[in-house]
Structure formats: structure tokens, C-alpha cells
Amino acid sequence: RLNISGRPLPVPVAAGRAARIGFAQLCLAPLGAGDYQVLADRFDWIFIDEIPLLTDVGRNVVHRVIAMIDTFYEAGVELTVSAAAEPDLLYTGGREAGRFARTASRLQEMRSRNYAVERKAGAEQTAGGDIHRAGGPGLPA
């Protein structure tokens, strides 16, 4: 369990700097970019279970997904997700489709080998050889 902004966030499975958390816990709860940053600071690798198609989940949830992916991307978190569709098909036709296109692009990039190599190299430079972050999700499950 993590304490985020005075609220407990259950982390069902955690070992060292890796965690497995359900989509509902991360995006249906009232969390924001600062909360996701706490997770990024605590975990190098995050597994997210059961990302649904986002077209019918509501605008606030889509905003949370965008904030979460942006935060994890900028922090260089390795991300593995199980999702109902490929990134570019998770959210289509809604009011946030333009903003989500960047999120889908980031998810695609995060699962590439280049992303992992660049994040690892960046972490080695910043940490003087102590690797803190890398990246690369596998979508969908």
C-alpha cells in the first residue's frame, strides 16, 4: 500500500521496484499527475491490468489515462499493460481523440526496443551508472 496525497492506494502485487496495479485502481479513482509521479518515483516497472476500450468510460477517466501515460513516459517507467486493443484503437471518436492520439503514440513508442535502450542510457547518464528507469510495454494481453 502506498500513501498518495494522504489517501491509501492499494498495490496488490509489488516486489522491489516493480508493481502490478489494476486499471480501475489507477484511473477510476480520483488520481492526478502528482499521484502518478509518486508511483513513478517508487516503481521502475509497472504492470497495469485490464485497460478497457476507453470510448465509453467518461471524459475524466480518459484525462487520467492521458496524465498517467504522460507521467510514466516522462519518468521513463517501464510499462507493461493488458489492454482490450492496440493503443491507437483504445479511444476513438470521443472529444479527447486528438489528445489521446499522442498518448497512443507514446504507448507505441514505449513498447519499442529503442525506447528501452534510450531510457536505459539516459538513466545511466543521470545516475552515474545506477539505472533507475527504462521502458517497454507489451500490448495487448
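The values are calculated or read from the model by the stated rules, or taken from the named source; none is laboratory data. Only a predicted model underlies this, so the values are computations on that prediction, with no experimental measurement involved. Cβ: placed from backbone, ideal geometry, glycine included. Neighbour counts: every protein chain shown. With ligands, DNA and RNA removed, areas are computed over all heavy atoms of the protein, side chains included. Shrake-Rupley method; radii C 1.70, N 1.55, O 1.52, S 1.80 Å.
Considering only residues of segment 68-102 that are of a type in the set (Ser, Thr, Tyr) and touching a Ser or Thr at 6+ places or on another chain (Cβ under 8 Å), which is surrounded by the fewest Cβ atoms within 10 Å (Cβ to Cβ)?
Step one: of segment 68-102, the residues of a type in the set (Ser, Thr, Tyr) are 71, 73, 80, 82, 91-92.
With touching a Ser or Thr at 6+ places or on another chain (Cβ under 8 Å) added as a condition, the list becomes 91-92.
Values: 91: 24, 92: 14.
Among them, the one singled out is 92.
Being closer than 22 Å to residue 108 by Cβ and open to solvent by less than 60 Å² (accessible area, probe 1.4 Å), is that true of even one residue in segment 28-37? Full working, then the answer.
First pass over segment 28-37, keeping only residues closer than 22 Å to residue 108 by Cβ: 33, 36.
From what's left, open to solvent by less than 60 Å² (accessible area, probe 1.4 Å): 33, 36.
Yes, that holds for at least one residue.
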In segment 5-14, residue least open to solvent (accessible area, probe 1.4 Å) [restricted to those that are farther than 17 Å from residue 65 by Cα and not in a loop (DSSP other than H, G, I, E, B)]: 14
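Suppose the filter is modelled with pLDDT of 95 or more, in contact with a Ser or Thr (Cβ under 7 Å, 6 or more places away or on another chain) and either surrounded by 18 or more Cβ atoms within 10 Å (Cβ to Cβ) or on the phi > 0 side of the Ramachandran plot (or both); does residue 23 pass it?
Working: modelled with pLDDT of 95 or more: yes; in contact with a Ser or Thr (Cβ under 7 Å, 6 or more places away or on another chain): no; either surrounded by 18 or more Cβ atoms within 10 Å (Cβ to Cβ) or on the phi > 0 side of the Ramachandran plot (or both): yes.
So residue 23 does not fit the description; no.
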